[in-house]
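The next block holds one structure in the form of structure tokens; read it before the comments.
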Amino acid sequence: MAIVTLLAAGIVSYFASPHPDGLERVAEDHGFLEKANEPSWTAWIPDYEIPGISSPMLKVGLAGVIGAAILFGVLYAISRPLSAKPREEGRRE
């Protein structure tokens, strides 16, 4: 199931909207987007594209796969302790 989800993230992410997200749109509409030219830090995956890859489909698809894999990892790390079975009384480990 995880493999199917990663493949879907890689393929579907190429067809994502090229339009700016909500915050960028508000900044454009109110004319203060230019004030934020120099970011204070660089994102790991800026603009949902992997830098250094020339193929548009590959750099966006790979960003989708990496994002989905990170999400799986975080959810697994959170759910693992929550799903641990309680020890039975009187049972030695």
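Rule-based calculations on the coordinates, nothing more; no lab input. Computed from a prediction, not measured in an experiment: that's the story for all the values here. Every residue, glycine among them, receives a Cβ derived from its backbone with ideal geometry; neighbour counts consider all protein chains shown.
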Inset, instruction - Give me R80, R25 ranked fewest to most by other Cβ atoms within 10 Å of their Cβ, as a rough exposure proxy. - result: R80, R25
Legend entry - Note, ³J(HN,Hα) from phi for region 65-75, Karplus 6.51, -1.76, 1.60, rounded to Hz, x at Gly and Pro: 5, 5, x, 5, 5, 5, 4, 4, x, 5, 5
Legend entry - Student exercise, region 1-66 dipole from Lys, Arg, Asp, Glu Cβ charges, in Debye to nearest 20: 280
Inset, instruction - Choose one answer from V12, V60, V74: the residue with the largest mean-square fluctuation in a GNM of the chain with alpha-carbon springs under 10 Å. - result: V74
Legend entry - Extended-chain gain in nm, criterion 0.36 nm per residue less alpha-carbon gap, A2 and I70: 23.3 nm
Inset, instruction - Using the 2.2 N^0.38 Å rule of thumb for compact globular proteins, work out how the chain stacks up: its C-alpha Rg over that value, please. - result: 1.63
